[in-house]
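The values are calculated or read from the model by the stated rules, or taken from the named source; none is laboratory data. Model, not experiment: these values are computed from the prediction. Using ideal geometry, Cβ is built from the backbone for each residue, glycine included, and neighbour counts are taken over all protein chains shown.
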Amino acid sequence: AQSVTQPDARVTVSEGASLQLRCKYSYSGTPYLFWYVQYQRQGLQLLLKYYSGDPVVQGVNGFEAEFSKSDSSFHLRKASVHWSDSAVYFCAASPAYTGGADRLTFGKGTQLIIQP
Amino acid sequence: EAAVTQSPRNKVAVTGGKVTLSCNQTNNHNNMYWYRQDTGHGLRLIHYSYGAGSTEKGDIPDGYKASRPSQENFSLILELATPSQTSVYFCASGLGANTGQLYFGEGSKLTVL
């Protein structure tokens, strides 16, 4: 069965430090991959997406992610975090062909806490 | 700016009662979705729609119905609400075609007593 795993429920980072949030997927074939962010009491917003090609994709607000087929991973990174990055981050995957509907499977989310 | 609006934002219901959660989008997207979000589970897809008049079952449809009377509106219906349906529900719209980009509403918190 297809699945997305985010092994860290909570990550704490000091402001200005670098960040990596981990994501592993289990899919037959190579899925499309996404990172979404949820700020407190809001809906989810798309940070970045990977379809194919260059394994490193850039997103908004300085975030990037790297796809690894050998490791079945899609980790999110940021070089220097800001207090406003505090949020819950969701990794998601979709089969490459779903007849037009985006059947996203979400991970359980990682809560990012930024310490001053 | 893409906009997805949900109502009500908060709802308290009694066990066995009927609950309707409404969603309106001004994006002119064909596809709409209902998810529930629970601690330890992330987001799970309940129902989705390809357009007016269409509804499809997602991964956890049991106990829920959906209705898409128009391009703009998509409702989630709990005919006989149970405490296990206490959750935060999110509506989303999207262009489909595997873009993966969904636009979410701000959520509806449902408590079933």
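Taking only segment B:86-99 into account, find how many residues are touching a residue at least 60 places away in the same chain (Cβ under 8 Å) and touching a Leu at 6+ places or on another chain (Cβ under 8 Å). Before you say what the answer is, go through the steps one by one.
Our first condition is that a residue be touching a residue at least 60 places away in the same chain (Cβ under 8 Å); within segment B:86-99, this holds for B:89-96.
Still in the list and also touching a Leu at 6+ places or on another chain (Cβ under 8 Å): B:89-94.
Count: 6.
Return a yes/no flag: does segment A:72-88 have any residue that is crowded, with 17+ Cβ neighbours inside 10 Å and at the interface with chain B (Cβ under 10 Å from one of its Cβ atoms).
Yes, some residue in segment A:72-88 is crowded, with 17+ Cβ neighbours inside 10 Å and at the interface with chain B (Cβ under 10 Å from one of its Cβ atoms).
Go through A:ALA96, A:ALA92 for me and flag whichever is within 12 Å of chain B (Cβ to nearest Cβ), surrounded by fewer than 18 Cβ atoms within 10 Å (Cβ to Cβ) and not aromatic (Phe, Trp, Tyr).
Exactly one residue qualifies, and that residue is A:ALA96.
Among the small types (Gly, Ala, Ser), over 24 Å from B:LEU113 (Cβ atoms) and at pLDDT 95 or above: is that true of B:SER75 in this structure? So that I can check it myself, show each step before the final result.
Values: among the small types (Gly, Ala, Ser): yes; over 24 Å from B:LEU113 (Cβ atoms): no; at pLDDT 95 or above: yes.
Here the answer is no, as B:SER75 does not meet what is asked.
Would you confirm whether or not segment B:16-34 contains a residue that is of a type in the set (A, V, I, L, M, F, W, C), in contact (Cβ under 8 Å) with a residue 12 or more places away in the chain and touching a Pro at 6+ places or on another chain (Cβ under 9 Å)?
So far as segment B:16-34 goes, yes, one or more of its residues are of a type in the set (A, V, I, L, M, F, W, C), in contact (Cβ under 8 Å) with a residue 12 or more places away in the chain and touching a Pro at 6+ places or on another chain (Cβ under 9 Å).
Could you tell me whether any residue of segment A:50-57 is crowded, with 18+ Cβ neighbours inside 10 Å, modelled with pLDDT of 95 or more and under 26 Å from B:VAL88 (Cβ atoms)?
No: segment A:50-57 contains no residue that is crowded, with 18+ Cβ neighbours inside 10 Å, modelled with pLDDT of 95 or more and under 26 Å from B:VAL88 (Cβ atoms).
Taking the condition among the hydroxyl-bearing types (Ser, Thr, Tyr), closer than 17 Å to B:GLN37 by Cα and surrounded by 13 or more Cβ atoms within 10 Å (Cβ to Cβ), does A:TYR36 pass?
Details: among the hydroxyl-bearing types (Ser, Thr, Tyr): yes; closer than 17 Å to B:GLN37 by Cα: yes; surrounded by 13 or more Cβ atoms within 10 Å (Cβ to Cβ): yes.
It is true that A:TYR36 is among the hydroxyl-bearing types (Ser, Thr, Tyr), closer than 17 Å to B:GLN37 by Cα and surrounded by 13 or more Cβ atoms within 10 Å (Cβ to Cβ).
When segment B:12-41 is examined, which residues are found to be buried (at least 16 other Cβ atoms within 10 Å of the Cβ) and in contact with a Lys or Arg (Cβ under 7 Å, 6 or more places away or on another chain)?
Once the filter is applied, which keeps residues that are buried (at least 16 other Cβ atoms within 10 Å of the Cβ) and in contact with a Lys or Arg (Cβ under 7 Å, 6 or more places away or on another chain), segment B:12-41 yields B:VAL19, B:MET32, B:TYR35, B:ARG36.
List the strands (runs of 3 or more DSSP E) that sit entirely inside segment A:4-116 and contain at least 3 residues that are in contact (Cβ under 8 Å) with a residue 24 or more places away in the chain and not charged (D, E, K, R).
Details: elements: A:10-14, A:19-21, A:24-26, A:32-38, A:44-50, A:56-58, A:64-68, A:73-78, A:87-94, A:110-115.
The strands (runs of 3 or more DSSP E) meeting that bar are A:10-14, A:19-21, A:32-38, A:44-50, A:73-78, A:87-94, A:110-115.
Having 1 or more residues that are of a type in the set (Phe, Trp, Tyr) is the bar; report the strands (runs of 3 or more DSSP E) wholly within segment B:65-113 that clear it.
The qualifying strands (runs of 3 or more DSSP E) are B:73-78, B:87-94, B:102-104.
Suppose we keep only residues that are among the basic types (Lys, Arg) and over 17 Å from A:LEU104 (Cβ atoms) within segment A:32-87. Which one would you say is nearest to the chain's Cα centre (by Cα)? So that I can check it myself, show each step before the final result.
Initially, segment A:32-87 is screened for residues among the basic types (Lys, Arg), giving A:41, A:49, A:69, A:77-78.
From the residues that got through so far, the ones that are over 17 Å from A:LEU104 (Cβ atoms) too are A:41, A:69, A:77-78.
Numbers: A:ARG41: 19, A:LYS69: 15, A:ARG77: 9, A:LYS78: 11 Å.
Applying the filter and picking the extreme gives A:ARG77.
Could you tell me how many of the residues in segment B:1-21 are in a strand (DSSP E or B) and over 12 Å from B:GLU106 (Cα atoms)?
The qualifying residues number 6.
When the residues of segment B:55-87 are filtered to those that are facing chain A (nearest Cβ under 10 Å) and touching a Phe, Trp or Tyr at 6+ places or on another chain (Cβ under 9 Å), which remaining residue is surrounded by the fewest Cβ atoms within 10 Å (Cβ to Cβ)?
B:GLU56
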